[in-house]
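Worksheet for the structure shown next.
Every read-out reported here was derived from the displayed coordinates using simple, explicitly stated rules and does not represent laboratory data. Note that the structure is predicted; figures quoted are calculated from it, not measured. Ideal geometry is used to build each Cβ from the backbone, glycine not excepted, and the neighbour counts take in all protein chains shown.
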Amino acid sequence: MIDFYSLFSDKHLDFIRNFDLELIGKFKINTVPNILRVDVHAYQIILASILKGSVDAVVSAHEDRQLIYSRMLWLLPPLLLRNPKKLVSKRLEAFIQGDLDLCYDGLCSTDDNHFAIQKSPASIQKLAADKVFNGQYSKVMTVLMHQPSVASSEQKRIAMIKKHPPRSDKDDMDIYGLCPSIHAPDISEDIVYSTAMKPSKRGVAPGPNGDRAEFMQSALYNPFSSSLSATVLHYLTKHINLERNGLLSEEWYQISTFSTLIAQGPKLRPIGMGYSGRKLVSGVSLTASAKEIITNLAPFQLSSLISNGTESVVHLIRKLHELHGNTHVLFQLDVSNAFNSVSRFKGLLAIARHLPHLYTYILRTYRIKNKLWLDATDDQIRDHILSQEGSTQGEVDGGFYFNMAINEILKELN
């Protein structure tokens, strides 16, 4: 393990300490699709060292070390793994040697991070082929049949602001007046490993800092025979358990909830892409509490963590119609912009009452007015709006949070 806090010069520590993290949201960080095999060893050393440094800093209550290591963790993909691919090996080697100059050269540059706008038939077909390769079969036709929006960036921005309503002052005071934490039991390395390595058919797009689930999967591969993989898993699990108990810095919870946002199609539907590290913590937490979640939501809600939930609803409706179709009415309600409008305060109250093991982490990530980064006038630059109510964009716990927020209403109606 490397103590980067001691290795880096004061100049480089000051760069990390004072770096404006919002620049990572503003610039579209274009990272490589995956880490080459020859580079995995170096990346494992760096990642394990930073995770260990962050954990040790929290345990020893060393605030400056904690600041440095949490920022390093967030900045790893843009510093080391952005294009061009040929420079990744050199950046990893330089970082291990304590030299950041090569790593941040061109970091906030539209030349280094240029995104080609995919409009030609060939580029659209390639995107569809990528969806097939990733197992996202349902999205292939969406790509091929997609009708691009003709709205300007300002029109999209206005539409996204309308779809993300502000939080009232009273709700804000009530949220910050809630119990600050409820202890969450530690999660095992087995759950972290199985969740991190699980193939994903959705949510594979990188978040605002360019981090990808594939990066962590490369670092964790085969911990049973690789001591470095086992070390990464060990300190990753410790870091996740600290994060779940709200013991990391306030800044960490702010930056880890950054999401990129696009206004998709003619109807300008908001689609978010969140930080893969937060997706992992959320996924691990939901997996560990799966039985309790199902117990709380069933039988009135069958979408969260319930196998074949949609199919169960179809069979239930069919049976109810057979039994009561002549005397009863089936009523279907579709609430406009529901996910973005549900009360965060009521969702947090419901989770505190019924699923306390999930409360602290969700409180720390949902009481914040999260920043959503969407395209500005320049295609290569983003600007942000705020998500203040409803489920946060681009995260695996969004559907679950919505379910919990409306669960009491459904119980009363039934």
Residue pairs qualifying under the 7 Å Cβ cut-off, at least six apart or on distinct chains, with the first in region 334-355 being more than 16 Å from T392 (Cα to Cα) and the second being aromatic (F, W, Y), are A352/Y359
**Message:** free of Cβ contacts under 8 Å to residues at least 12 places away in the same chain and more than 14 Å from the chain's Cα centre (by Cα): is that true of S218 in this structure?
**Reply:** no
When region 238-249 is checked residue by residue, the ones that are out of contact with any Asp or Glu (no Cβ under 6 Å at 6 or more places or on another chain) and without any contact (Cβ under 8 Å) to a residue 60 or more places away in the chain are I240
Of those in region 59-109 that are among the hydrophobic types (A, V, I, L, M, F, W, C) and in a loop (DSSP other than H, G, I, E, B), the residue nearest to F8 (Cα to Cα) is L100
Looking across region 249-286 at residues that are touching a Leu at 6+ places or on another chain (Cβ under 6 Å) and among the aliphatic types (A, V, I, L, M), the single one that is nearest to D190 (Cα to Cα) is I255
Subset of region 166-223, residues of a type in the set (D, E, K, R) and either under 27 Å from L348 (Cβ atoms) or in a helix (DSSP H, G or I) (or both), comes to R167, D169, K170, D171, D172, D174, D186, E189, D190, R202, D211, E214
Here the residues within region 224-240 that are in a loop (DSSP other than H, G, I, E, B) and either at positive phi or aromatic (F, W, Y) (or both) are F224
Quick count over region 357-391, residues being touching a Gly at 6+ places or on another chain (Cβ under 6 Å) and polar (S, T, N, Q), is 2
Turns out the helices (runs of 4 or more DSSP H) fully within region 330-383 with at least 3 residues that are in contact with a helix residue (DSSP H, G or I) (Cβ under 8 Å, 6 or more places away or on another chain) are 344-354, 356-366
